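J.: Handing you this structure, nothing more for now.
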Amino acid sequence: MLTIMQLVSYLVIALSTLYLAALVFGWFQRSRVTAQMANADKALFEAQADLILERKREVQKESELSWDSFRKFELVKKEMEATDICSFYLAPHDRRPLPPFRPGQYLTFKLNIPGQKKPVIRCYSLSDSAYNDKTYRLTIKKVPPPRDQPDAPPGLSSNFFHDALQEMDIIDVKAPSGHFFFELDRPHPAVLIGGGIGLTPVLSMVNSMVDAGYNKETWFFYGVRNRGEHAMKEHLRQLDEAHDWLHMHVCYSAPGEDDVKGEDFQNEGRVSVELFKELLPSNNYDFYMCGPPPMMQSVVADLEAWGVPEERIHFEAFGPASVKGVKQGHEADEPKKDSSETFTVEFAKSGQTLQWTGEFDSILEFAEEHDVAIDFGCRAGNCGSCLTAIKDGAVELVQEIGADCEKGSCLACVSIPKTHIVLDA
Ligand SMILES: Cc1cc2nc3c(=O)[nH]c(=O)nc-3n(C[C@H](O)[C@H](O)[C@H](O)COP(=O)(O)OP(=O)(O)OC[C@H]3O[C@@H](n4cnc5c(N)ncnc54)[C@H](O)[C@@H]3O)c2cc1C
């Protein structure tokens with residue numbers, strides 16, 4: 001028979017053994033979790049280090065392979081993507097490898113269009129992955145005359161690309177540039193937004209993400225009127241199906257009778273912040289957007305109202321109208337510039353001294369009004385054609401620029417005088 005004392009000591013031994021076992025098990029579990037965390041941290045660190053190294057290699061390759069001024073390119077393929085939207089594949093005529101570009105950047109073209117006295121300069125975004133060193137792809141929408149002026153000439157460059165340019169033709173192209181681009185090592189998940197032909201830079205971003213093996217949560221919103229305008233439909237559907245991290249939403253603002261919700265598009269209506277609020281778990285994203293002025297105006301303003309910090313909203317405008325539109329929407333609450341501020345503007349080469357009274361949007365418009373010749377292309381601070389030396393005084397920029405602007409000069413299409421100025425024009 002066991003005495004009570006013996007029973008108590010057995011119980012104490014049993015409990016202590018259990019306690020010890022629990023301690024050992026706990027320690028074992030903790031060290032396993034710690035090891036797992038250390039492994040995860042190591043993998044994350046290695047992935048980040050790989051991205052940084054990769055970026056360094058790209059920057060080096062970029063500077064080795066890039067070129068100054070214009071380089072000859074051959075049109076190697078034309079492919080219709082939707083009504084009046086066509087892709088153009090360009091290969092360098094010298095067949096040397098292409099420098100990597102940053103997804104979202106654009107090319108600047110110098111086109112000799114029959115009937116034009118001077119070459120026409122225009123910018124077009126690169127629409128495919130940045131990981132292709134053989135060809136560049138552009139996707140261009142044919143621009144008709146304005147609705148209220150049906151007799152006006154149609155868009156010069158877009159119609160030239162669509163109707164005149166043939167495979168094997170040679171054109172002059174500047175190296176990729178622009179500050180609207182996506183960096184794959186950004187810490188936050190992204191929302192990419194394309195409206196109409198503004199799809200092109202964000203398409204390049206998503207294609208580059210896929211080629212780079214990127215897998216961070218990404219939302220992609222594409223707004224068009226209907227199926228007729230829906231470019232790259234099959235390609236986008238396949239991307240959506242193949243990648244869990246990618247959430248694709250196509251919005252039709254005016255679906256046709258045969259357009260099927262759930263098949264052709266996901267949402268009826270325009271791309272809007274209301275839709276983001278319905279679908280996104282929070283506003284904690286980097287937003288990249290390119291589209292027509294009304295869409296950009298409303299989305300930028302509504303994102304800010306939703307509390308998205310300005311530095312996390314990135315957008316590209318495709319021309320002066322878009323730029324002005326977004327800026328006007330953006331700055332609606334800001335005090336208007338005092339239009340009574342007048343400055344003397346001296347155009348040294350043409351020998352004219354004029355009074356700036358603030359009623360023009362840019363020095364370029366002011367010069368044109370007074371028949372002072374300044375070259376121009378995109379009129380949006382991107383192509384660099386209107387670069388003009390400032391001999392005296394200072395200017396201020398009315399919007400962010402994509403082209404390089406050397407010290408002591410200004411891009412006349414997006415600058416206004418800040419003091420009395422003397423320009424080399
Ligand atoms: C950075 C950047 C990237 C871009 N990327 C793309 C892209 O990927 N895809 C794309 O399609 N576009 C893109 N664009 C827009 C592109 O550069 C051109 O602005 C667009 O193709 C129109 O140029 P265009 O020469 O065809 O038209 P323009 O000749 O410049 O004409 C513009 C409009 O003015 C009208 N017009 C012309 N003359 C008159 C007149 N006398 N009176 C009244 N109206 C007149 C035309 O009918 C047309 O509607 C981009 C622009 C920028 C700045």
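The values are calculated or read from the model by the stated rules, or taken from the named source; none is laboratory data. Given the structure is predicted, the values throughout are model-derived calculations rather than measurements. Cβ sites come from the backbone with ideal geometry, for glycine too, and all protein chains shown count toward neighbours. Just the protein is used for accessible areas: all its heavy atoms, side chains included, with ligands, DNA and RNA removed. Shrake-Rupley method; radii C 1.70, N 1.55, O 1.52, S 1.80 Å.
J.: Out of (1) touching a helix residue (DSSP H, G or I) at 6+ places or on another chain (Cβ under 6 Å); (2) outside any loop (DSSP other than H, G, I, E, B), the odd one out for Asp185 is which?
T.: Against the list (1) touching a helix residue (DSSP H, G or I) at 6+ places or on another chain (Cβ under 6 Å); (2) outside any loop (DSSP other than H, G, I, E, B), Asp185 comes up short only on (2).
J.: Right, here's the next one. Just need a number here: residues in region 178-187 that are more than 9 Å from the ligand (Cβ to nearest atom) and either within 27 Å of Cys405 (Cβ to Cβ) or among the hydrophobic types (A, V, I, L, M, F, W, C) (or both).
T.: Residues that pass the stated criteria total 6.
J.: Continuing with the same structure: Out of everything in region 120-144 that is under 16 Å from Cys378 (Cα atoms) and open to solvent by 60 Å² or more (accessible area, probe 1.4 Å), what residue ends up being farthest from the chain's Cα centre (by Cα)?
T.: For region 120-144, the residue satisfying everything is Val143.
J.: Which ones in region 169-186 are open to solvent by 70 Å² or more (accessible area, probe 1.4 Å) and either in the same structural domain as Val76 (by TED's automatic domain parsing) or in contact with a Leu (Cβ under 7 Å, 6 or more places away or on another chain) (or both)?
T.: Ile170 - this is the single residue of region 169-186 that is open to solvent by 70 Å² or more (accessible area, probe 1.4 Å) and either in the same structural domain as Val76 (by TED's automatic domain parsing) or in contact with a Leu (Cβ under 7 Å, 6 or more places away or on another chain) (or both).
J.: Here are Arg102, Arg95, Arg147: which of them is more than 8 Å from the ligand (Cβ to nearest atom), on the phi > 0 side of the Ramachandran plot and either buried (at least 21 other Cβ atoms within 10 Å of the Cβ) or part of a loop (DSSP other than H, G, I, E, B) (or both)?
T.: None of the others qualify; the one that does is Arg95.
J.: Can I ask one more? Of all the residues that make up region 122-144, how many are outside any loop (DSSP other than H, G, I, E, B) and either near the ligand (Cβ under 9 Å from one of its atoms) or in contact with an Asp or Glu (Cβ under 6 Å, 6 or more places away or on another chain) (or both)? Walk me through how you get there before you give the answer.
T.: Here is the first cut: in region 122-144, the ones outside any loop (DSSP other than H, G, I, E, B) are 122-126, 136-141.
From what is left, the residues that are either near the ligand (Cβ under 9 Å from one of its atoms) or in contact with an Asp or Glu (Cβ under 6 Å, 6 or more places away or on another chain) (or both) are 122-126, 137-141.
Residues that pass the stated criteria total 10.
Condition check ((1) assigned by TED's automatic domain parsing to the domain that holds His93; (2) over 30 Å from Pro92 (Cβ atoms); (3) not in a helix (DSSP H, G or I)) across all residues:
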| site | (1), (2), (3) |
| --- | --- |
| Leu18 | no, yes, no |
| Ala21 | no, yes, no |
| Trp27 | no, yes, no |
| Ser31 | no, yes, no |
| Thr34 | no, yes, no |
| Asp41 | no, yes, no |
| Phe45 | no, yes, no |
| Asp50 | no, no, no |
| Val76 | yes, no, yes |
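J.: If I go through region 150-173 residue by residue, how many of them are more than 9 Å from the ligand (Cβ to nearest atom), closer than 17 Å to Met80 by Cα and free of Cβ contacts under 8 Å to residues at least 40 places away in the same chain?
T.: 1
J.: Looking at region 359-386, which of its residues are farther than 16 Å from Ser177 by Cα and touching a residue at least 60 places away in the same chain (Cβ under 8 Å)?
T.: If the condition is that a residue be farther than 16 Å from Ser177 by Cα and touching a residue at least 60 places away in the same chain (Cβ under 8 Å), then Ile363, Asp375, Phe376 are the ones that fit.
J.: Just checking, does region 39-51 include any residue being within 30 Å of Arg96 (Cα to Cα) and exposed (fewer than 10 other Cβ atoms within 10 Å of the Cβ)? Let's see the steps before the verdict.
T.: We begin by selecting, within region 39-51, every residue within 30 Å of Arg96 (Cα to Cα); these are 49-51.
In the following step, the residues that additionally are exposed (fewer than 10 other Cβ atoms within 10 Å of the Cβ) were identified as none.
Looking through region 39-51, none of the residues is within 30 Å of Arg96 (Cα to Cα) and exposed (fewer than 10 other Cβ atoms within 10 Å of the Cβ).
J.: Are any residues in region 155-168 surrounded by fewer than 14 Cβ atoms within 10 Å (Cβ to Cβ) and assigned to a loop (DSSP other than H, G, I, E, B), and if so, which ones?
T.: Matches in region 155-168: Gln166, Glu167, Met168.
J.: Tell me the residue from Val191, Val250, Val206 that is in a helix (DSSP H, G or I) and modelled with pLDDT of 95 or more, please.
T.: Val206
J.: Based on what the data block shows, is Pro335 surrounded by 14 or more Cβ atoms within 10 Å (Cβ to Cβ) and modelled with pLDDT under 95?
T.: Working: surrounded by 14 or more Cβ atoms within 10 Å (Cβ to Cβ): no; modelled with pLDDT under 95: yes.
No.
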